[in-house]
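Below: one structure, written as structure tokens.
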Amino acid sequence: MTGGCPAGGLPGRSADALHGRQGPRAAGRLPVTFRIPFPPEDAVMTFLDTQNPWRLAGVLLLLVTAGCHLDDPQPIQLEPSASARVVVVLPRTLTPGPVTEVRATLRPVGGEEAGAVLSGGDGLWQGLVRRIASGRAAEASATVRGDGGEVLAHIDVPNVVIGAHRTALVVLVPRAPVSGVPGAPFIDAVVGSLAEVRPEGQVALRAVAEAASGDGALTYAWRASAGSFSDASAVAPVWTAPEASGFVTLTLLVTNAVGQGATLDFPVRVARDHGFGADSVAAFNRWPLMVELGSLPSGEVQYGDSLQLQAEGRDEDGDTLTYAWTASCEGTFDDASARSPRFTPSTPPSGACGACQFHVTMRDGRGGEHVGLVDVCVVQRLPPIIVSTAQSRTEAVSAEPVLLQAVAEDPRGEALTFQWSANTGLLGTATQDGTRSEVPWSALSCIPAGVEPSVRLTVTNVSGMSATHVFRIRWDDRRCGAFPPCSARWENDRVTLTADCTTEGTLYIPDGVTFDGAGHVVTAVDPEGGRFQGAVLRNRGDTAHVHDVTVAARGLSDLACDAGEAGLSGIRFIGASGSITDSEVRALHQGAGESGCQEGVAIEVRNAQDASRVVQVEVLRNHAVGYQKGGIVASGRVDVAVEGNVVEGGGPSAVIARNGIQLSFGATGQVLGNRVTGNVYTGTGYVAAGILVAGGAYYGGPVCEDVLIQGNTLEANDIGIDLSQAEADGGPLAQSSRLLVVENTLSHGVVANGVPYQAAISDLGGANVISRNRISGAGYARETLPGSTFDVDVVAAAAAQVAFLTPQQDVAAGACSEALVVQSQDAMGNLSALASSLLVVEAQGNVGGVTFFRDAACTQALVPLNGSGAMDLEGPQQEAVFYFRAEQSGALEVRVRGDGVSASQMHVVR
């Protein structure tokens with residue numbers, strides 16, 4: 001280099017001229033402008049450092065010869081180093097309305113913002129943004145405004161890197177301020193390193209997308225109409241252009257974890273002129289969503305039937321959806337392009353389930369689609385098979401159940417239901433164990449004429465297919481006349497009436513079953529041309545129960561009298577244990593209540609006198625009124641509890657002697673707390689009784705023993721309690737029957753018996769205990785008709801002893817004892833009066849401080865007599881009741897004596 005320059009300057013030229021700017025003019029000089037073309041994109045620029053303006057000045061010095069100039073150096077400003085072709089694709093879900101401006105902006109980090117208003121319309125806007133500081137991350141934005149300046153949509157995409165002296169491609173999809181229901185993913189942007197590339201050149205791409213719901217993994221799939229990708233599933237692949245020039249369409253598909261997708265189509269120009277790209281066509285599409293998919297019926301269709309398929313889609317871009325259905329099994333669609341077509345299988349399935357898959361492809365017409373799958377079993381229903389049947393008997397009579405059984409199976413192994421129905425009679429509760437079922441059938445009284453009993457079994461599987469079998473039963477008992485069988489239901493071990501009914505014959509109770517009247521009335525009437533015989537209700541087996549039923553009779557004739565099984569009865573148990581509770585028997589009589597037939601017992605419990613077992617029956621809280629012969633009768637080897645019943649004899653009768661409660665021929669048990677009234681016979685030769693105990697050789701049957709008759713109320717009966725048991729000659733029994741008649745209340749105000757003979761208590765003898773009964777009324781007073789009316793009338797020998805009637809006691813020291821009762825008796829134990837009623841009672845033993853009293857509170861001491869107490873045997877029952885109190889503990893012997901007799905009893909004072 002020749003020549004010189006002052007230090008710090010260049011000869012003859014200002015540094016500003018390097019950018020085409022005019023420096024200070026010198027006379028005769030024109031400014032010189034330098035423009036440096038961008039090198040080809042594949043050139044290696046080793047000689048030019050655009051980041052160092054001084055180095056650039058040194059290079060230019062080789063090209064410019066000029067004199068030195070000592071002006072102060074000016075800042076060197078290079079023209080922008082990059083640009084971007086921005087394509088804005090408006091989503092079709094954007095709020096309808098005119099779009100007046102779409103502005104794109106790029107903001108480099110630490111650099112000046114560059115922007116441009118894009119041109120376009122109909123959802124696609126594009127343009128070139130120049131003078132972008134390159135090499136640094138920028139934020140790309142697009143704002144869409146309406147005609148009022150309001151923001152319709154906006155998008156910000158960070159980290160957009162644009163290469164120096166390049167024109168990048170930025171495809172943006174702005175969003176409306178308010179997003180819709182979460183669905184398909186949203187593609188915010190695609191950034192490409194070049195908007196235009198030479199043949200076989202490369203473009204670096206990057207996708208920006210997110211799941212609509214804000215979470216969930218996304219997958220990416222790139223495709224192009226030409227060229228190739230380094231990794232078509234990467235977020236940022238490199239695309240290599242094809243050899244030929246022209247526009248190539250690139251497509252990005254983004255899919256979320258449940259298969260919902262969105263696509264963005266955009267072009268890249270392949271050319272050799274290295275331009276800035278060109279206006280092109282781009283599109284954003286969110287794929288449709290499947291919101292409902294299934295079938296009716298769900299999961300299974302019968303071969304031969306049709307299936308209604310259901311699909312419902314939603315497209316977030318508002319596109320019209322089309323549907324296409326296919327099936328993996330043979331059959332026909334009524335319209336395979338319908339949203340919800342009907343499909344009919346045409347081939348029987350193999351096996352229990354002929355699997356058929358239905359695919360529905362839902363398309364939006366813009367390349368978006370969704371495929372759904374419905375799994376259905378095509379089945380062929382087959383009826384069950386009844387493998388075997390059995391019945392316990394082929395013929396039946398009333399209340400003898402016939403047990404019906406069946407075993408079935410299902411060809412497909414489906415669960416089975418057994419349904420039993422009968423054309424007449426009653427079916428009990430059916431039981432089922434898998435494929436086996438059984439049910440009892442019975443009729444209680446009669447079967448309508450012309451009807452042969454049959455029971456139909458229907459076995460049904462889950463598919464609704466059925467098989468049937470009919471059991472037939474020969475009826476060997478009574479046919480119904482004018483009245484149908486009583487309406488009832490049989491559940492478990494209980495037959496319950498469902499309505500009042502009328503019967504011409506006996507209603508039988510199956511063994512072990514409770515007959516529950518549920519408050520209804522069963523009325524007995526004579527059959528046409530005949531007469532009602534037997535019981536209205538009767539047991540059939542060894543156990544029976546009757547509850548809450550009213551039994552009545554209406555218009556029964558007395559053209560003939562019956563006895564035994566044929567005799568009229570309301571409720572009759574024979575040889576059966578059980579109970580009869582809370583029921584009523586009324587108007588059980590013949591001949592309008594004027595019949596003298598010795599039948600018509602309201603409640604009857606019988607067992608053979610020589611039966612092998614004793615039956616036990618409770619007769620509780622019943623009401624017997626208007627009976628012909630007896631209210632409640634227990635006879636034979638029975639142990640009964642007759643408690644709390646009301647028995648009304650109806651008052652004086654001249655045609656028949658009624659008995660309220662009767663125990664006879666070996667019956668035992670207890671008769672407690674009953675009310676018995678109005679058993680009066682005005683004829684001659686017989687008497688009626690409120691409570692009758694009968695037996696012994698005199699009556700040709702066994703003696704009743706160990707019967708407790710206590711706490712009953714008896715009013716206006718010829719004999720209140722009649723203990724009528726005797727030897728063959730009518731005399732007292734040779735042995736005690738141990739009957740205990742205590743604490744009953746008996747009254748009768750008049751003499752009405754025709755014999756006449758009336759007694760509150762009458763005892764033929766049997767060493768029975770008759771004690772503490774309360775007796776009142778002129779009808780039972782000895783003075784009313786001496787020799788005919790009695791309070792207590794006992795057949796006994798002369799008194800020979802005094803006896804304690806109450807058991808020994810354990811008494812606390814200082815406490816008052818329970819009652820002690822003593823009575824004078826004959827040698828066998830029958831009540832009999834001593835010549836002198838005075839008794840002396842005294843304490844013996846090692847217990848001191850013993851005092852005897854006549855009251856339960858121990859306040860009234862017995863009259864002292866020679867250091868002891870004195871008392872009298874009182875009343876017709878010839879008894880004395882007293883109490884003691886001992887101050888010291890120990891064994892106490894209480895001794896009574898008088899008229900040459902004595903008795904003692906040990907007690908314990910603790």
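Here, each number is a calculation from the coordinates, and none is a lab measurement. Keep in mind that what you see is a predicted model, and the values were worked out from it rather than measured. Neighbour counts are summed over all protein chains in view; Cβ atoms, including those assigned to glycine, are modelled from backbone coordinates with ideal geometry.
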>> Shape verdict for region 644-795, please, from the Cα gyration tensor: rounded (a/c under 1.5), prolate (a/b greater than b/c) or oblate.
In response: rounded
> How large is ³J(HN,Hα), in whole Hz, for each residue of region 136-145 in order, when computed from phi with the Karplus curve 6.51 cos²θ - 1.76 cosθ + 1.60 and θ = phi - 60°, using x for Gly and Pro?
Replying inline: 10, 5, 10, 9, 9, 10, 9, 10, 10, 10
>> Below 8 Å, C-alpha to C-alpha, sequence gap of six or more: please give me the relative contact order for region 385-475 in percent.
In response: 33
> Counting each DSSP H run of 4 or more residues in the chain as -39500 (n - 2.57), what helix-only mean residue ellipticity at 222 nm follows after dividing by all residues, to the nearest 500 deg cm²/dmol?
Replying inline: -500 deg cm²/dmol
> In nm, to one decimal, how far is the modelled label at SER557 from the one at ASP147, with both set 7 Å along Cα→Cβ?
Replying inline: 11.0
> If packing is taken as the mean number of other Cβ atoms within 10 Å per residue, what is the order of 600-611, 724-735, 138-149, highest first?
Replying inline: 600-611, 138-149, 724-735
> Where Lys and Arg each count +1 and Asp and Glu each count -1, what net charge lies around ARG107 among other residues with Cβ under 11 Å from its Cβ?
Replying inline: -3
> Can you list the residues, at least 5 places off or on another chain, whose amide H is less than 5 Å from the amide H of GLN662, using H built in the peptide plane?
Replying inline: ILE632, VAL633, ALA634, LEU692
> Kirkwood hydrodynamic radius of region 567-633 from all distinct Cα pairs, in Å?
Replying inline: 12.5
>> Given the options LEU714, HIS370, VAL802, identify the residue whose Cα lies farthest towards the positive end of the charge dipole of the chain (+1 on Cβ of Lys, Arg; -1 on Cβ of Asp, Glu).
In response: HIS370
>> Students often get this wrong: which residues of region 769-798 have the backbone nitrogen under 17 Å from the point 7 angstrom along Cα-to-C-beta of ASP729?
In response: 795-798
> For region 385-475, how big is Rg over Rh, using alpha carbon atoms and the Kirkwood form of Rh?
Replying inline: 1.01
> Hey, any idea what the orientation-averaged projected area of the convex hull of region 762-804's Cα atoms comes to, in nm²?
Replying inline: 3.8
>> Quick one: the Cα spread of region 712-843 along its three principal axes, in angstroms, biggest first?
In response: 55, 33, 27
> When each pair of different Cα atoms in region 431-580 is counted once in the 1/r mean, what is the Kirkwood radius in angstroms, to one decimal?
Replying inline: 17.1
> Rg/Rh for region 289-379: what does it come to with C-alpha atoms and Rh from Kirkwood?
Replying inline: 1.01
> About the Cα centre of region 243-295, what is the dipole size in debye to 20, counting +1 per Lys and Arg Cβ and -1 per Asp and Glu Cβ, all else neutral?
Replying inline: 60
> FRET efficiency for THR498 and ASP610, Cβ-Cβ distance as r, R0 = 51 Å, nearest 0.05?
Replying inline: 0.80
>> If I take R0 = 41 Å and measure r between the Cβ atoms of GLN432 and GLN308 in this structure, what FRET efficiency does the formula 1/(1 + (r/R0)^6) give, to the nearest 0.05?
In response: 0.75
> Could the peptides 673-682, 853-862, 701-710 be put in order, highest first, of the mean number of other beta-carbon atoms found within 10 Å of their residues?
Replying inline: 673-682, 701-710, 853-862
> To the nearest 20 debye, what is the magnitude of the charge dipole of the chain about its Cα centre, counting +1 on the Cβ of each Lys and Arg and -1 on the Cβ of each Asp and Glu?
Replying inline: 3700
> In nm, to one decimal, how far is the modelled label at ASP375 from the one at ALA566, with both set 7 Å along Cα→Cβ?
Replying inline: 7.8
> Does a label point 7 Å from the Cα of GLU783, set along Cα-to-beta-carbon, have any residues of region 720-750 with amide nitrogen under 18 Å, and which are they?
Replying inline: 748-750
>> Can you find, among ASN679, ALA449, VAL208, the residue sitting farthest towards the positive end of the charge dipole of the chain, where Lys and Arg contribute +1 and Asp and Glu -1 at Cβ?
In response: VAL208
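In the P(r) worked out for region 82-286, what percent of Cα pairs fall beyond 25 Å?
Every Cα pair in region 82-286 considered, those over 25 Å come to 34 percent.
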> Gap in Å between the Cα centre of region 377-410 and the Cα centre of region 657-719?
Replying inline: 53
>> If a paramagnetic tag sat 7 Å from the Cα of ALA861 along the Cα-Cβ line, which residues of region 873-910 would have the backbone N under 16 Å from that point?
In response: 883-888
> Once the other residues with Cβ under 10 Å from the Cβ of GLY849 are scored (Lys, Arg +1; Asp, Glu -1), what is the net sum?
Replying inline: 0
> How high is the FRET efficiency from ASP511 to GLN598, r the C-beta distance, R0 22 Å, rounded to 0.05?
Replying inline: 0.15
> Quick one: in region 793-910, what % of C-alpha pairs are over 22 Å apart?
Replying inline: 30
>> Normalised by the empirical 2.2 N^0.38 Å for globular proteins, what value does the Cα Rg of the chain take?
In response: 2.04
> How many nm is it between the label spots at LEU382 and PHE247, if each spot is 7 Å from the Cα in line with the beta carbon?
Replying inline: 6.6
> For the peptides 318-328, 572-582, what is the packing order when you average, over each peptide's residues, the other Cβ atoms within 10 Å and list the highest mean first?
Replying inline: 572-582, 318-328
> Which of TYR303, GLY121, VAL407 sits farthest toward the positive end of the charge dipole of the chain, with +1 on the Cβ of Lys and Arg and -1 on the Cβ of Asp and Glu?
Replying inline: GLY121
>> Multiplying the sequence separation of ARG130 and ARG489 by 0.36 nm and subtracting their Cα-Cα distance, what value in nm do you get?
In response: 119.5 nm
